[in-house]
Structures are given as structure tokens and as C-alpha cells.
2 protein chains.
Amino acid sequence: MTVTVAAGESREAISSQELAVWRMLQRAQVRITRVLEADLLVEHDLALASYDVLTQLSESPDRRLRMNDLADRVLLSRSGLTRLVDRLQRDGLVEREACASDARGLFAVLTDDGAVRLAEATPTYLRGVRAQFLDILDAGELRQCAAMLNKLFPAPADEELPA
Amino acid sequence: MTVTVAAGESREAISSQELAVWRMLQRAQVRITRVLEADLLVEHDLALASYDVLTQLSESPDRRLRMNDLADRVLLSRSGLTRLVDRLQRDGLVEREACASDARGLFAVLTDDGAVRLAEATPTYLRGVRAQFLDILDAGELRQCAAMLNKLFPAPADEELPA
DNA sequence: GCTGTGTAGATGCGCGTGCAACGTTCTAAG
DNA sequence: CTTAGAACGTTGCACGCGCATCTACACAGC
């Protein structure tokens, strides 16, 4: 298997092995994410994105976060988050609350029902992450993985992984 | 930061650091994929999924693949692939061709135009993979990464990465 | 006070996706 | 030959997403 590149476009050739690593990473990630999402959907009727939102809120002071901040943490566009919170609100898992200091701003607040739902779903989520990911790697590999991720992902500074 | 788990549901607690590795992996992957897709879209008006299809076809004997096999390699549902190939065919990058030995089957075949388009887009793609991923890691890390992926992804046997 | 620039969220729209159901064809059992 | 079941691919449908746009508000400068 060789990689053909239009002449003179890339400074340095990429070996097919390097490319294969990248491709495999993509596949592994997609596969794991799908299993995780399917499990959450079947057992708790909760999409992965919804689970992420609930998690982020539950870990924030007063269980609340500005829509904007929330969008950043959940890797969703602003509009995407608006609709997702719409749905979560419809299901009673989240409330919207005005921001006193800035009339433009809205807080998304985790409700008690939301907290319960999250607590119910979390074992499923963690079991999935274990089975698909953590259990397969040993402690050393996990450390290596963390080190690589710190290089790959210019973190928002407040969340650096210890080597 | 501590992870709260409903009592007695998971055999063994997951440390917050382990969980953080997983979360970061998700984010890094999403971020890289988005940049890659955006680049391809801007420079060549080609979605990442389309690029993957063209690539798979170009690497297959006679530049053709059965729809089913193609769907597996591209990580897309059958229906998703049907529509995607519809679009690629509309744009003249791919043709559908009947299968002689099995009247149910269809081949997706890369056209010359498709090959050209792929060749044009490939430098962009490779540059992106380099910039977002390969250049950031050194050779040793890449080897570690490959080793982990081989454990994580039960590959179709024909595509194992060398340690 | 007004005005201009920037920011926080919400909305219209089009697109791509997966699921379930369907028609067609292949294969095996009787 | 006939019939049951499985496999291949397509289609109807609903949903979730991102982009561009819009409104409401904030904060500067005059």
C-alpha cells in the first residue's frame, strides 16, 4: 500500500503507516462513540450529547452554566446547543434562567430530575468507557495517551492532564 | 474533581484522571476532524465522507467496490452510503455499475474525474493530518499510538498496524 | 443623550444521517 | 418446481446539526 501524492505539494512524504495510524484512530473513535451512544439510548433514552450537557452542568457551581460556556465545553455550535437545551427543557432535565448581571445571558440549570437522570445513566456510561477503552489499555499506555493528548489538544489551560 | 457513581453499579471506580483521558480524546478527535473537513470544504468543496469514499475506491482493484463493502470501510450506514453515492454520481465523481455475478449487487466505480478530484484534494488532506496530528507527535509516540489502536480496534485482520 | 461596534441567544433553512420498511434477487430445503 | 429465508440496495420519514441571519442587549466614544 502506497500513498500517491500529487507532485511537489507536500514538503515531506507521509508514510502509509503514519496515515494508517490516523485512519485507525478515526475508526476506533467512531466505533467507541457509537457503542456508547447506543447503550445510553437503549438503557436511558439519552443521547451522548445530552449526557455531556448534563454532566457539564452537574460539575459546575450551582449546577448552572451560561449557554455560551456550555457550548464550548460540549463541542456543539451555538444553535445546536439552543435546540438541545430546548429538548432537555421540554423533558424537564434542565431549566433556563435569566442572568442578573447581563440581560442578554441565560443560564442552563440542571434540575433535580436532570440530576437523577444523570445519576442513573452514569453507570452505563462509565461501564461503556471501561469496556471500550480503559480496560483495554494498561496504566502505562493510559499515561502515554494522556501525554500525547496534552500535545495534541491545546487545552483551555484549566484542564491539563497530569503526566 | 470527583466522579460520583450510583452505589454498587460499577465493579471498580474510575479515577477522574482516567475519565479525563477519555474526554480529552473525544475532544481532540472532534476538533481535528472539523478542521480537516473545513479545509477540504473550503479548498475543494468536498466533505470528509466524500473524500473517504473516493479514497477507498481509488485503493481498490479496478477502482470499484460493492456498496456493502464500501459502507463498512467508510463507517456509514447503508442508507447513508446510498445517498452519498447519489451525490457523488450527480457530480460525476463516481459511477454505479451492475455486478455480473450477482444481480442484486452494485459496484461503485471511481471515474476519471473522481480520480482527478481526489488527487487535487489529497495534498490538502495530508497537510491537515500532518499539521493536526502527525507533526505534533514524534516517531516513538506514533508507535505507541499504533500499538494502542491495535488493541482498541479489533481490525478486519487484513489491516494490522506494525508495532 | 445618541450612535456604532461587539456579544448572547434564538430562528429559518438546507443538508446529511440512521431506522424501519420495501422490492428484488440469491440460496437452500422440501 | 416451489417456497422460505436471507442478503443487497433503495426509499419514506423524522431528527439533529451547522451556517447565515436576526433581535436584544452591552459598552465604548462623542
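The values are calculated or read from the model by the stated rules, or taken from the named source; none is laboratory data. This one's a predicted model, so the numbers in the text were calculated from it and none came from an experiment. FYI the Cβ positions are ideal-geometry reconstructions off the backbone, even for glycines, and counts take in every protein chain you see.
Free of Cβ contacts under 8 Å to residues at least 40 places away in the same chain, assigned to a helix (DSSP H, G or I), within 9 Å of chain A (Cβ to nearest Cβ) and surrounded by 14 or more Cβ atoms within 10 Å (Cβ to Cβ): which single residue out of B:Gln29, B:Gln56 fits that description?
Of B:Gln29, B:Gln56, the one residue that is free of Cβ contacts under 8 Å to residues at least 40 places away in the same chain, assigned to a helix (DSSP H, G or I), within 9 Å of chain A (Cβ to nearest Cβ) and surrounded by 14 or more Cβ atoms within 10 Å (Cβ to Cβ) is B:Gln29.
Just one of B:Arg73, B:Arg63 is modelled with pLDDT under 90, surrounded by 18 or more Cβ atoms within 10 Å (Cβ to Cβ) and either touching a Lys or Arg at 6+ places or on another chain (Cβ under 6 Å) or not polar (S, T, N, Q) (or both); which is it?
B:Arg73
Would you pick out the residues in the range A:101-127 that are over 16 Å from A:Arg63 (Cα atoms) and either away from DNA strand D (no atom under 16 Å from the Cβ) or among the hydrophobic types (A, V, I, L, M, F, W, C) (or both)?
Answer for the range A:101-127, where residues must be over 16 Å from A:Arg63 (Cα atoms) and either away from DNA strand D (no atom under 16 Å from the Cβ) or among the hydrophobic types (A, V, I, L, M, F, W, C) (or both): A:Ala103, A:Glu120, A:Ala121, A:Thr122, A:Pro123, A:Thr124, A:Tyr125, A:Leu126, A:Arg127.
Please count how many residues of the range A:71-84 are more than 9 Å from DNA strand C (Cβ to nearest atom) and within 14 Å of chain B (Cβ to nearest Cβ).
Within the range A:71-84, residues that are more than 9 Å from DNA strand C (Cβ to nearest atom) and within 14 Å of chain B (Cβ to nearest Cβ) number 5.
Look at the range B:32-49 and say how many of its residues are of a type outside the set (D, E, K, R) and either in contact (Cβ under 8 Å) with a residue 60 or more places away in the chain or farther than 30 Å from A:Arg73 by Cβ (or both).
6
Could you figure out which of (1) of a type outside the set (Gly, Ala, Ser); (2) surrounded by fewer than 20 Cβ atoms within 10 Å (Cβ to Cβ); (3) on the phi < 0 side of the Ramachandran plot; (4) more than 9 Å from DNA strand D (Cβ to nearest atom) isn't true of B:Asn68?
(4)
I'm trying to understand the selection: among the residues of the range A:46-65, which are among the acidic types (Asp, Glu) and either farther than 16 Å from A:Thr122 by Cβ or near DNA strand D (Cβ under 10 Å from one of its atoms) (or both)?
Scanning the range A:46-65 gives A:Asp52, A:Asp62.
Can you name every residue in the range B:66-107 that is under 16 Å from the mean Cα position of the chain (by Cα) and not in a helix (DSSP H, G or I)?
Once the filter is applied, which keeps residues that are under 16 Å from the mean Cα position of the chain (by Cα) and not in a helix (DSSP H, G or I), the range B:66-107 yields B:Leu75, B:Leu76, B:Ser77.
So that you can scan it fast, the table gives a plain yes or no per residue for (1) at the interface with another protein chain (Cβ under 9 Å from one of its Cβ atoms); (2) touching an Asp or Glu at 6+ places or on another chain (Cβ under 9 Å); (3) closer than 30 Å to B:Arg143 by Cα:
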position	(1), (2), (3)
A:Asp69	no, no, no
A:Asp86	no, no, no
A:Gln89	no, yes, no
A:Gly92	no, yes, no
A:Val109	no, yes, no
A:Asp113	no, yes, no
A:Val116	no, no, no
A:Gln132	yes, no, yes
A:Met148	yes, yes, yes
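Table: residues versus (1) closer than 30 Å to A:Leu25 by Cβ; (2) without any contact (Cβ under 8 Å) to a residue 40 or more places away in the chain; (3) within 16 Å of DNA strand C (Cβ to nearest atom).
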{"residue": "B:Arg90", "(1), (2), (3)": "no, yes, yes"}
{"residue": "B:Cys99", "(1), (2), (3)": "no, yes, yes"}
{"residue": "B:Ala103", "(1), (2), (3)": "no, yes, yes"}
{"residue": "B:Phe107", "(1), (2), (3)": "yes, no, yes"}
{"residue": "B:Val116", "(1), (2), (3)": "yes, yes, no"}
{"residue": "B:Ala121", "(1), (2), (3)": "yes, no, yes"}
{"residue": "B:Tyr125", "(1), (2), (3)": "yes, no, no"}
{"residue": "B:Leu134", "(1), (2), (3)": "yes, yes, no"}
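For B:Gly80, state whether it is at pLDDT 90 or above, within 18 Å of B:Leu48 (Cβ to Cβ), surrounded by fewer than 15 Cβ atoms within 10 Å (Cβ to Cβ) and more than 7 Å from DNA strand D (Cβ to nearest atom).
Yes; evaluated as a whole, the condition is true for this residue.
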